[in-house]
1. Number of Lys-Lys pairs in chain B under 18 Å by Cα, sequence gap 8 or more or different chains?
2. Work out how far the C-alpha atoms of region B:80-126 reach from end to end along every principal axis, then list the three figures in whole Å, largest first.
3. Kindly sort A:LYS24, A:LYS47, B:LYS118, B:LYS109 by accessible area of their heavy atoms, largest first, with the probe set to 1.4 Å.
4. Would you mind listing the distances between the A:GLN95 label point and the same position in each other copy? Use 7 Å along Cα-to-C-beta, nm, one decimal, shortest first.
5. Can you name the chain A residue with its Cβ nearest the rotation axis from A to B, and give the distance in Å as a whole number?
6. Computed from the mean reciprocal separation of all distinct C-alpha pairs, what Kirkwood hydrodynamic radius does region B:34-85 have, in Å?
7. So what's chain A giving for Cα Rg divided by 2.2 N^0.38 Å, two decimals?
8. Counting only the heavy atoms of the protein chains, how much of B:LEU110 is accessible to a 1.4 Å probe, in Å² to the nearest 10?
There are 2 protein chains.
Amino acid sequence: MTSPSVTQDSNPYQNEPIWSRSEKTVARIAFDAALGRELHEVIQQAKKMASKIQQSSDLWDLEHYLTQRRKEIDRKYEYKYSQLTHVFGRLLHEQRLCEEELRGLREDKLKSIRSFAKFLSEDAAA
Amino acid sequence: MTSPSVTQDSNPYQNEPIWSRSEKTVARIAFDAALGRELHEVIQQAKKMASKIQQSSDLWDLEHYLTQRRKEIDRKYEYKYSQLTHVFGRLLHEQRLCEEELRGLREDKLKSIRSFAKFLSEDAAA
């Protein structure tokens, strides 16, 4: 027996928000902008570290820094609609994204994003 | 029953050459010099690569380069007397060391070192 709510809802994951085409555009632009800024930051830091290398330990410090940042960026920037409110919440919390860039998303999504950002901020302060 | 040859030879690994104190000094200096030159080369290359980074792929190319070189150096520079003729043979083959720097080693060791360098050169040419 199929419940009426499932029949009415074309989204197989009932608890996940549906992203409209215009929301997907906003999301993609905001996501790419934040990623671009973070990569730019890593590039600048790598250039700075490289310019100061004097001995082998500095060299391996640079390698370690790059490996850590690559893993962190890979984990953080996951472009899946099921994860996107958490992704944006984290970016908001880290001040890598401003709410202005998310204008065009539906209020329920903005609420989830703000709520996760607030949770992370309170968690960090605890 | 103990064989006379074992009793006469204080080295438990009969096939391994014994390194005299003066040979150990020569070996250490030659080893450190080659390692220092190789690290210097990697440092210069890393600085050059970093200065040219424009996009994220360049950044991860630098990380990959550093990881590969670190692993290669770790493997190559193994300061164990049981491995040292092979280590020096490889460095000679790679022209990271000249025979002059090994002056003071006994002829049997130099012969092993040259022999392994020759083997690697022939192997590379094959």
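The values are calculated or read from the model by the stated rules, or taken from the named source; none is laboratory data. Quick caveat, the model's predicted, so the values are computed rather than measured. With ideal geometry, Cβ positions are generated from the backbone for all residues, glycine too; neighbour counts draw on all protein chains shown. Keep in mind that these areas ignore ligands, DNA and RNA; they rest on the heavy atoms of the full protein, side chains included. Shrake-Rupley method; radii C 1.70, N 1.55, O 1.52, S 1.80 Å.
1. 7
2. The Cα atoms of region B:80-126 stretch 32, 21, 18 Å along the principal axes, largest first.
3. B:LYS118, A:LYS24, A:LYS47, B:LYS109
4. Result, one decimal in nm: 5.4.
5. A:ALA50, 2
6. Kirkwood hydrodynamic radius for region B:34-85: 12.3 Å.
7. My calculation over the Cα atoms of chain A gives 1.38.
8. 20 Å²
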